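K.L.:
My questions will all concern the structure given below.
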Amino acid sequence: MKLYDYVLSPSCYKVRLMAALIGVKLEIRPVDFHPGAEHLGPELMALNPAGSIPILEDGDLILTESTAMLAYLAAKAAPEWLGSGAPEETARIQQWLSFSHRLTASLGGARLHEMLLRPGDIAALQAQGIAALRELEAGLVEQGLRGMRFLASDRPTIADIACFPYVALAPDGGILLDPYPAIRLWSRAIRGLDDFIEMPGIHRLHELNPEPQIEPGAA
Amino acid sequence: MRDEWYPVGLFSQLDRNGRNTVLMGEPITVALDAEGAATVTSGSGRALPVRVRYGHVWSSLGNPRKELFAIPEADQPGRRFVDVGVVRVRCSPLRAVENFLDIAHFPFVHTDILGAEPHTEVEEYKVEIRKDEDEVWATQVKFYQPQAAKSANGGITTEYMYRVPAPTCSVLYKTCPPRPGEWDVITLFVQPLAEDLCDVWPWMALFDDATPMADLIHFQQTIFLQDRSILENQIPRLLPLDPGMEIPTRADLTSVAYRRWLKRHNYTYGAQLVAQ
Ligand SMILES: [Fe+2]
């Protein structure tokens, strides 16, 4: 399975993270998204006319939507990540998968603007991002009342992986996560999963590691 | 400070339409003219000085008294030049350079790439302000690294030299795994937009024929993005030039020399003089 990948893209990271969590090995094909704009070049446009990455290739199958990639990886290797099949849970997973596109557009747009100087109305992107974060916070609080730690269930599903990266990287777009305790708790639960992998700006949970200290006398 | 040279864009990305950007609070436009030469124009329409070097366009709001600093390795045959691309950081331009000079953060910020616990010790090295060149140099810097470069397989002890040839630029020389005896060159060129906001343009000149270009770019962007989250949270936001009560550790010696050198040149853009 070949992933056309950009190391700083949260959408690409969703796929890498999902694969790592369920033990699927990916062949990574790095794409010079920034500064080279290789995703808009002839080779990748032929694969994906939308001009976006990630792209996942497995034999004849070419996927260009990260949520479809998450579903595919889970169906192949770890179907429990697709949910139990209970109607409400199925609906919630679909609800949050669709919602994740709003995070990409708002928080992701703000991040690209603030970090890689992509055009955009930064005030509007941040306002939409904050509105989405509030909705996510409310959803997680409600799940907490149902005794569930994740978006659709008491175990993580592809919906959590679809929403997590852009949320965790919101500070890159100038949006702080301090006002959202349920989101921070949820983020800790995901970062603490076995086989979790990092990307720049998203750290594994190191509960047992103390903060680095400068040793006295090191000077 | 207005007389220094600053990076204002990647030459390879310029077009006739131009790119609007900012230099020390002043809007400028960087573009190609009809002959394909780079031009830089101030907000009031004044033509600013231009150099095209090391993959980037350089300019100045004033009248540079010195030529843009030399990187002789940039003319050495066999090297690959990597335009890593811009990253904006909400920090002082001087903080970005200072962080680049700091070796002690490798194991904590670039865990398992440029450093790893428990190999956190910084060995003794040499720091000087070279009189003839008027540059800050740190040499004989040695550090254990799990994956020092894209071309390195497994951990090695890497040797570094750091150089500050201009207030917002640093050049790093680093052991070159495929070609012992030569140095890989990794630079950090910083464009000051404001005293607490900058565009950072990393650039590299490497001996590495094997690694695809996108891998080289991703490697360096990963490293720099790890620094970015640290840089945006530093307090105070401006670089203090008075050392005050701080007791420098061995790792800080380069930073101390850098601050002293800035102070000597009265370079205060992005700095604070009195401890707050
Ligand atoms: Fe660093």
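K.L.:
Before we go on, tell me the buried accessible area for the A/B pair, both chains summed, 1.4 Å probe, in Å² to the nearest 100.
P.N.:
2000 Å²
K.L.:
Using a 10 angstrom cutoff on alpha carbons, build the Gaussian network for chain B and name the most mobile of B:Asp199, B:Asp15, B:Asp215.
P.N.:
Judging by the Gaussian network model, the answer is B:Asp215.
K.L.:
Amide H to amide H under 5 Å from B:Asp112: which residues, 5+ apart in sequence or cross-chain, H placed 1.01 Å off N in plane?
P.N.:
Amide H neighbours of B:Asp112, under 5 Å, 5+ apart: B:Glu117.
K.L.:
With all protein chains present, how much of the accessible area of the protein assembly as shown (probe radius 1.4 Å) comes from carbon and sulfur, to the nearest whole percent?
P.N.:
Roughly 53 percent of what the probe reaches on the protein assembly as shown is carbon or sulfur.
K.L.:
Okay, moving on. Give me the lysines in straight-line cross-link reach of B:Lys126: C-alpha distance below 23 Å, same-chain residues under 8 apart excluded.
P.N.:
The reachable lysines, counting only those whose Cα sits under 23 Å from B:Lys126, are B:Lys142, B:Lys174, B:Lys263.
K.L.:
Which of the lysines could be linked to A:Lys25 by a straight reach, that is with a Cα gap under 21 Å, when you skip same-chain ones fewer than 8 residues away?
P.N.:
Those lysines meeting the cut-off are A:Lys2, A:Lys14, A:Lys76, B:Lys150.
K.L.:
For the protein assembly as shown, what is the percent of antiparallel DSSP beta bridges, rounded to the nearest 5?
P.N.:
Counting only bridges with both partners in the protein assembly as shown, antiparallel ones make up about 90 percent.
K.L.:
For chain B, report the accessible area per residue in Å² (1.4 Å probe, heavy atoms, rounded to an integer).
P.N.:
Averaged over the residues of chain B, the accessible area is 43 Å².
K.L.:
Which residues in the range A:21-43 place their backbone N less than 18 Å from a point set 7 Å from the Cα of A:Leu61 along the Cα-to-Cβ direction?
P.N.:
A:21-29
K.L.:
Hey, with R₀ at 35 Å, roughly what FRET efficiency would A:Gln95 and B:Asp196 work out to, going by the Cβ-Cβ distance, to 0.05?
P.N.:
For R0 = 35 Å, the calculated efficiency reads 0.30.
K.L.:
For B:Val22, what residues show an amide H to amide H distance below 5 Å, using hydrogens built from the backbone and excluding near sequence neighbours?
P.N.:
Counting only residues 5 or more places away or on other chains, the set is B:Ile28.
K.L.:
Then there is this: Roughly how many nanometres apart are two label points built 7 Å out from the Cα toward the Cβ at B:Asp112 and B:Ser42?
P.N.:
Simple spin-label model gives 5.1 nm for this pair.
K.L.:
Further, regarding this structure: Could you tell me what percent of the DSSP beta bridges with both partners in chain A are antiparallel, to the nearest 5?
P.N.:
If I count the DSSP bridges inside chain A, around 65 percent turn out antiparallel.
K.L.:
Can you give me the long-range amide H partners of B:Arg80? Hydrogens built in the peptide plane at 1.01 Å from N, cutoff under 5 Å, separation of 5 or more residues or another chain.
P.N.:
B:Leu206, B:Phe207, B:Asp208
K.L.:
Could you sort B:Ser229, B:Ser59 by their accessible area in this structure, using a 1.4 Å probe and putting the largest first?
P.N.:
B:Ser229, B:Ser59
K.L.:
Now for a different question. Tell me the label-point distance for the pair B:Ile129, A:Ile122, using the 7 Å Cα-to-Cβ offset, in nm and rounded to one decimal.
P.N.:
According to this spin-label approximation, the distance is 3.5 nm.
K.L.:
Using protein chains only and a probe of 1.4 angstrom, how many square angstrom of B:Trp183 are accessible, to the nearest 10?
P.N.:
Per-residue accessible area (B:Trp183): approximately 70 Å².
K.L.:
Ok, one more. How far apart, in nanometres, would the label points at B:Lys66 and B:Thr157 be if each is projected 7 angstrom from Cα along the Cα-to-Cβ direction?
P.N.:
For the pair B:Lys66/B:Thr157, the computed spacing is 3.4 nm.
K.L.:
Accessible surface of B:Trp5 in the full protein assembly, 1.4 angstrom probe, to the nearest 10 Å²?
P.N.:
20 Å²
K.L.:
Then there's this: Can you sort A:Tyr6, A:Tyr72 by solvent-accessible area, 1.4 Å probe, largest first?
P.N.:
From most accessible down to least: A:Tyr72, A:Tyr6.
K.L.:
A further question on this structure: Whole Å is fine, so just give me how far the alpha carbon centre of the range B:188-238 lies from that of the range B:1-78.
P.N.:
Using only Cα atoms, the two centres lie 19 Å from each other.
K.L.:
Enter the mean number of other protein chain beta carbons within 10 Å of the beta carbon of each residue in B:209-220, as an integer.
P.N.:
4
K.L.:
Calculate one ³J(HN,Hα) per residue across the range A:31-38 by plugging θ = phi - 60° into the Karplus curve 6.51 cos²θ - 1.76 cosθ + 1.60, and present them in order as whole Hz with x for glycine and proline.
P.N.:
Working through the residues one at a time gives 10, 7, 5, 9, x, x, 6, 5 Hz.
K.L.:
When all protein chains stay in place, what accessible area (Å², nearest 10, 1.4 Å probe) is found for A:Asp154?
P.N.:
About 70 Å², rounded to the nearest 10.
K.L.:
Just to verify a number: FRET efficiency for A:His203 and B:Glu35, C-beta to C-beta distance, R0 = 41 Å, to 0.05?
P.N.:
FRET efficiency, A:His203 to B:Glu35: 0.25.
K.L.:
OK, next. Compute the label zone of A:Val24 within the range A:79-95: residues whose backbone N is under 14 Å from the point 7 Å along Cα-to-Cβ.
P.N.:
The answer is A:79-83, whose backbone nitrogens lie closer than 14 Å to the label point.
The values are calculated or read from the model by the stated rules, or taken from the named source; none is laboratory data. Everything numeric in this text was worked out from a predicted model, so none of it was measured. Please note: Cβ atoms are built from the backbone with ideal geometry, for glycine as well, and neighbour counts cover all protein chains shown. Protein only, heavy atoms only, side chains kept; ligands, DNA and RNA dropped before computing areas. Shrake-Rupley method; radii C 1.70, N 1.55, O 1.52, S 1.80 Å.
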